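Structure first, then comments.
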Amino acid sequence: MEQIKEIFKKRNVWLVILLIAFVIVLVIAIKKYNQKKEQEKREAEIKRKALENKVTEKEQELNQYMRKLWGDNAHWMRNYIISYMGGGKDVRESAGRLLKNQEQIGRAMGMWYGKDVGKKIIEMLQKNMVAFGDMLSAMVNKKRNDAIVAEKRWSDNTDSLASYLSSINPRFDKIELSQHLKKYNELMTTQAINRYRGKHASEINSFDKAYNQANFDIADTITKGIVQQFPEKFDREPSEVEPVSSKEVETKE
């Protein structure tokens with residue numbers, strides 16, 4: 001009798017274990033199913049909005065490319081800040097990779113506006129890089145006035161870049177572009193200051209904001225301007241794009 005009880009006891013234990021295992025597997029399966037459904041829902045919403053806003057596949061390709069380039073810019077700017085502030089041995093390599101990213105951005109614009117324009121944009125972006133590097137140097141060496149001067153030069157160069165872009169494409173709003181680019185500068189400066197002060201949580205927060213600024217506001221604004229200027233290249237009818245008024249053209253000139 002005792003043996004029978006022991007057998008039943010062991011069997012009940014195994015049944016409980018199997019039941020728990022079944023519940024765990026079931027929970028995991030339900031979670032994966034819900035995740036899949038949520039992903040499908042997000043993808044459907046993206047497609048719905050794309051159709052609603054008449055965003056073509058070619059527009060999406062351009063936008064993804066611009067977002068990658070500007071997202072990379074934020075990434076390599078951060079990498080350069082960390083290396084420079086920490087006296088890393090890879091400062092030169094980090095700077096070189098950042099310069100390469102700026103060349104990629106210039107060449108990407110050159111695909112639409114010609115090689116000369118692409119080279120000009122590369123030169124302007126690299127002037128910004130020099131001013132940024134001078135600002136970091138002044139921070140590290142505790143030369144406050146020099147840092148302010150370098151930051152002002154960076155800001156002025158950014159204004160020049162926005163003006164140049166609006167001159168090659170009347171669809172680029174000079175004020176809007178300048179605001180997006182200067183906000184990006186501001187967030188990068190804040191990130192550098194937080195890194196210097198050892199406030200790493202705030203530094204990471206600043207980077208997240210700078211990354212979003214570059215990846216969405218700047219990249220999306222540039223994409224929008226190119227699409228509006230060359231609608232036929234993106235399977236859109238010119239009638240879908242609002243005409244540029246003569247007053248707007250005069251203002252940009």
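The values are calculated or read from the model by the stated rules, or taken from the named source; none is laboratory data. Only a predicted model underlies this, so the values are computations on that prediction, with no experimental measurement involved. A quick note on method: Cβ atoms are made from the backbone with ideal geometry, for glycine too, and the neighbour counts reach across all protein chains shown. Quick note on the areas: whole protein, heavy atoms, side chains included, nothing else; ligands and nucleic acids left out. Shrake-Rupley method; radii C 1.70, N 1.55, O 1.52, S 1.80 Å.
List of remarks:
- Surface share of carbon and sulfur [accessible, 1.4 angstrom probe, percent] for the stretch 173-227: 51
- Over 28 Å between alpha carbons, listed pairs Lys142/Lys174; Lys89/Lys143; Lys209/Lys233; Lys142/Lys209; Lys58/Lys127: Lys142/Lys174; Lys209/Lys233; Lys58/Lys127
- For Asn79, net neighbour charge (Lys/Arg +1, Asp/Glu -1) across residues whose Cβ lies under 11 Å away: -1
- Taking only Cα atoms of the stretch 95-235, radius of gyration then Dmax in Å: 16.0, 54
- Whole-Å semi-axes of the ellipsoid equivalent to the stretch 60-103 (Cα gyration tensor, √5λ, descending): 25, 9, 5
- Qualifying trypsin sites (Lys or Arg not before Pro) for the stretch 104-144 [loop in DSSP, other Cβ within 10 Å: at most 15]: Lys142, Lys143
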